[in-house]
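The next block holds one structure in the form of structure tokens; read it before the comments.
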Amino acid sequence: MKSLTFRAICLTSLSLLAAGCSHEEATSSNQTFFEHVSVIDGSGAAAQPNMTVIVQDRKIVSVTPDASATPPAGATIVDLTGKTMIPGLVSDHVHVGLYEGTDVGSKHFTRDVILRQLQQYERYGVTTVVALGVTRSPLFDDLRREQHAEQNPGADLFGVDQGIGVPGGAPPAAMMHVDDEQVLRPATPEAARAAVDKMASEGTDLVKIWVDTFTNGVAGKAPMPVMSPDVVKAVITRSHEHDLRVAAHIHDLHYAKEMVADHADILAHGVRDTAVDAALINAMKSGGVWYIPTISLDESIYFYADNPDILSDPELTQGLSSELRNRFADAGWRKKTLADPQTAAARKAVVMNEHNLFTLYTAGVNIGFGTDSGATPLRIPGYAEHRELRLLVQAGLTPVQALTLGTGQAAALMHLSDRGVLAAGKRADFVILDADPSNDIGAVDHISQVWHGGRQVSLTLQ
């Protein structure tokens, strides 16, 4: 990833992006023509070569062939010959403020930490994220409003206030070092309804529930308590009364089936213990249930231990803290990681997750895009999303199909009709790449520019 300097651009009188641009200059013509660019628009269509994308007032005016675009006097022209434009990525499953460096805990749920993470997502071309729980009000609610209003640099922020877990169970407080304000843990249906009411009053975008044992396929690992059926039903019913959709944390097929039968709206992780079957597929399709595979979650457990040479890759290192870099460089850490039973289980989970993703995709189930990035130091904000695209292709999708999941489909999961595709009237959220990812998904690493709401993002650390 690298920063690109080109002549000063004035987009609107409200957004003066280049130094030395006066109010008079900005209002003389506030259209920018991005010319001679190949466009992958997020709709599922193939790359369209030799296109012009016209931006005005933070929105896309049109996407049209070069020959049809005639810039008015005073318009800004950006020549993108040889480059490809894709929509800004949308990640439907992240977490914010859960760690800093290699340390995990509730003390990191601060404004400064969260804003740094949102800026890192943005530098990787992820312009919208959805934090699925383990948050704390009112800070999360304040930041969500601020990001919607573009008051701070960084990705736009949607998500879940707290989320609903199990007393003594998932999400594991001992592992994540989270406090009682970040996860609600009702033991009764009455308390569950009150928890949903609280989240609704705070303006939550979704409700998140954790329902499985958190053994994650590790043989001999003691299971955690699971959410009782009456609490599950109380959460889902009350959420729907508030017109809120429910995203369920699952790992195994039988929990996925239970959640779909109980009318959960989103499976927030892929099924990783066994192959999905026709019963689940049919139930998900008939219920309109969305599926977020998060394949890179399990891969992150062993990926850096398997690949020590990746520390020389600037695409990774620009997102690494010094503490995490030192951990990855530690031969002792790598050896211990590769010998851990959790690593063997994670490798199997990745293979099964890829198989199930391809099966569900082929069957026509609604598929979103997410990574669980930010939940642990190994799930690196932004970089995890680039890994997920590679894993979707490894699972059998074409690069354009994978990109469509990460843009148009991910936005559709969140009912965000103003982004995710490059089309007239949509937000000017896009990424300009030095190569065409429809030929090699690895091109997503070669970012030339990121534009978010018509604002060019600095790709250098601030």
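The values are calculated or read from the model by the stated rules, or taken from the named source; none is laboratory data. What you see is a predicted model, and the numbers here were worked out from it, not measured in a lab. Glycine gets a Cβ as well: all are built from the backbone with ideal geometry, and neighbour counts include every protein chain shown. These accessible areas exclude ligands, DNA and RNA; they are computed on the full protein's heavy atoms, side chains included. Shrake-Rupley method; radii C 1.70, N 1.55, O 1.52, S 1.80 Å.
Heavy-atom accessible area per residue, region 307-386, 1.4 Å probe: how many Å²? Write out the running numbers ahead of the final one.
On the way: 3380 Å² over 80 residues.
Roughly 42 Å² per residue, with all protein chains present.
For Ser106, Ser373, the ranking by accessible surface with the largest value first comes to Ser106, Ser373, using a 1.4 Å probe. Among the listed pairs Lys83/Lys285; Lys208/Lys348; Lys257/Lys348; Lys221/Lys285, those with a Cα-Cα distance over 29 Å are Lys83/Lys285; Lys221/Lys285. Expressed as a whole percent, the accessible surface of the chain that belongs to carbon and sulfur atoms is 52, based on a 1.4 Å probe.
With q set to 0.14, 0.15, 0.18, 0.28 Å⁻¹, the log10 of I(q)/I(0) for region 333-399, from the Debye formula over equal scatterers at the Cα positions, is -0.51, -0.58, -0.81, -1.26.
Taking all C-alpha pairs of region 197-334, those more than 27 Å from each other amount to 39 percent. Taking only the C-alpha atoms of the chain, the Rg (one decimal) and the largest Cα-Cα distance, Dmax (whole number), read 21.9, 71 Å. Each residue was assigned an accessible area with a 1.4 Å probe, and for Glu100 the value is about 80 Å².
Per residue, region 210-251 exposes 43 Å² of solvent-accessible protein surface, assessed with a 1.4 angstrom probe and all protein chains in place. The angle between the Cα long axis of helix 341-363 and the longest principal axis of the Cα atoms of the chain comes to about 60 degrees, rounded to the nearest 10. Go ahead and estimate [θ] at 222 nm for the chain from helices alone: -39,500 (n - 2.57) per DSSP H run with n ≥ 4, summed, over the residue count, rounded to 500. Rounded to the nearest 500, the figure is -10000 deg cm²/dmol. Using only Cα atoms, tell me the angle between helix 229-241 and the longest principal axis of the chain; keep it within 0 to 90° and round to the nearest 10. With rounding to tens, the tilt is 30 degrees. In this label model, Glu202 and Asp330 are separated by 3.3 nm, measuring between points 7 Å along each Cα→Cβ vector. Just to confirm a number: summing +1 for Lys and Arg and -1 for Asp and Glu over residues other than Val183 whose beta-carbon lies under 11 angstrom from that of Val183, what do you get? Local net charge: -1.
Expressed in nm to one decimal, what extension gain is obtained for the pair Asp277 and Gln151 from 0.36 nm per residue of sequence separation less their Cα-Cα distance?
On the way: separation 126, 0.36 × 126 = 45.36 nm, distance 4.61 nm.
In short, 40.8 nm is gained.
Calculate how many DSSP beta bridges within the chain are antiparallel, expressed in % of all such bridges and rounded to the nearest 5.
Details: 27 of 54 bridges.
So the antiparallel bridges amount to about 50 percent of the total.
Each of Ala187 and Leu139 was given a label point 7 Å from its Cα along the Cα-to-Cβ line. The distance between the two points is 2.9 nm. Note on Thr81 and Ser321: their simple-model spin labels are 4.5 nm apart, each label 7 Å out from Cα toward Cβ.
The slack in the chain from Met175 to Ala424, taken as 0.36 nm per residue of separation less the alpha-carbon distance, amounts to 85.0 nm.
Each Lys or Arg adds one and each Asp or Glu subtracts one; over the other residues with Cβ under 14 Å from the Cβ of His386, this totals -4.
Estimated at 0.36 nm per residue, the fully extended path between Asp309 and Asp440 surpasses their Cα-Cα distance by 45.1 nm. For Thr371, neighbours were defined as the other residues whose beta-carbon sits under 15 Å from its Cβ, and their charges (Lys and Arg +1, Asp and Glu -1) total -3. Note that region 30-173 presents 31 Å² accessible area per residue, ligands and nucleic acids not counted, probe 1.4 Å. Can you tell me the orientation of helix 383-394 relative to the chain, as the angle in degrees between its alpha-carbon axis and the longest Cα principal axis, to the nearest 10? Computed tilt is about 80 degrees.
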